[in-house]
Amino acid sequence: MKPDPMAAIILAGGQSRRMRREKPLLPVCGRTIIEALIDQVRPCFATILVSAGERRKFSFLGLPVIVDDSPGQGPLPAILTALRASPCRTNFILACDIPVVHIPFLRRILALAPASEIVVPRYRDGKFEPLFAAYDRGIVPAIEKQVHAGDLKISSLFKACRTRFVPMDGQDWFRNLNTLEEYHAYLKSRNEENA
């Protein structure tokens, strides 16, 4: 039996306050960071959607852009809008500022997704990576209820849904580029690897 198709949803609607530039459009090796991310994950998914505050900015990608219903409210309302629009039951949410994806780790999360409503990486210290996680489209009512109650923390969803945690410690490849310093440090490390 063929597995159900899965979608990747790339969150690109953030305010980029700490970066002070449009994070998804930062150049990395001759293309934007969002293009590099899409190229890495494309083989794993039947559908790729971009969640953003506006459509025009990402039209160059040639992918469906889901415009946030509540721009500026953080990632949970954006996830809600994107899950409503997704044609797939299993959806992998990932932030646009993750320059490198370890595909075996991604596939491990996807393999666990059919038996859970959320599969999320968690560190030993209790912190999560909710923007590198699988979400079942069936949790839309739970998100709606939480957002309606004014709770925009993704971690609150974990108690309301069947959530599976995957150990994140030891995943040295993982990084978010939230500041210009982190971005320049990443570019420097790339240059050193390719030297």
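Taking the stated definitions as given, is Gly150 in a loop (DSSP other than H, G, I, E, B), more than 23 Å from His102 (Cα to Cα) and more than 15 Å from the chain's Cα centre (by Cα)?
On the way: in a loop (DSSP other than H, G, I, E, B): yes; more than 23 Å from His102 (Cα to Cα): yes; more than 15 Å from the chain's Cα centre (by Cα): yes.
Yes, satisfied.
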The one condition in (1) under 24 Å from Phe158 (Cβ atoms); (2) crowded, with 20+ Cβ neighbours inside 10 Å that Phe58 fails to fulfil: (1)
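Identify, from the list Pro114, Pro77, the residue that is assigned to a helix (DSSP H, G or I), over 14 Å from the mean Cα position of the chain (by Cα) and on the phi < 0 side of the Ramachandran plot. I'd like the intermediate steps shown before the answer.
Details: Pro77 fails: over 14 Å from the mean Cα position of the chain (by Cα).
Just one listed residue meets the conditions, Pro114.
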Taking the stretch 20-51 and the residues there that are in contact (Cβ under 8 Å) with a residue 24 or more places away in the chain, out of contact with any Gly (no Cβ under 9 Å at 6 or more places or on another chain) and among the polar types (S, T, N, Q), the one that is surrounded by the fewest Cβ atoms within 10 Å (Cβ to Cβ) would be Thr47
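In the stretch 163-178, is there at least one residue being part of a helix (DSSP H, G or I), touching a Phe, Trp or Tyr at 6+ places or on another chain (Cβ under 9 Å) and under 17 Å from Pro75 (Cβ atoms)? Reasoning before the result, please.
As a first pass, look at the stretch 163-178 and keep what is part of a helix (DSSP H, G or I): none.
Scanning the stretch 163-178, I find no residue that is part of a helix (DSSP H, G or I), touching a Phe, Trp or Tyr at 6+ places or on another chain (Cβ under 9 Å) and under 17 Å from Pro75 (Cβ atoms), so the answer is no.
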Go through (1) surrounded by 13 or more Cβ atoms within 10 Å (Cβ to Cβ); (2) among the acidic types (Asp, Glu); (3) over 26 Å from Ala36 (Cβ atoms); (4) at pLDDT below 95 and name the single condition Asp125 misses. (1)
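The values are calculated or read from the model by the stated rules, or taken from the named source; none is laboratory data. The shown structure was predicted, so the numbers you read here are calculated from the model rather than taken from an experiment. All Cβ positions, glycine included, derive from the backbone under ideal geometry; neighbour counts span all protein chains shown.
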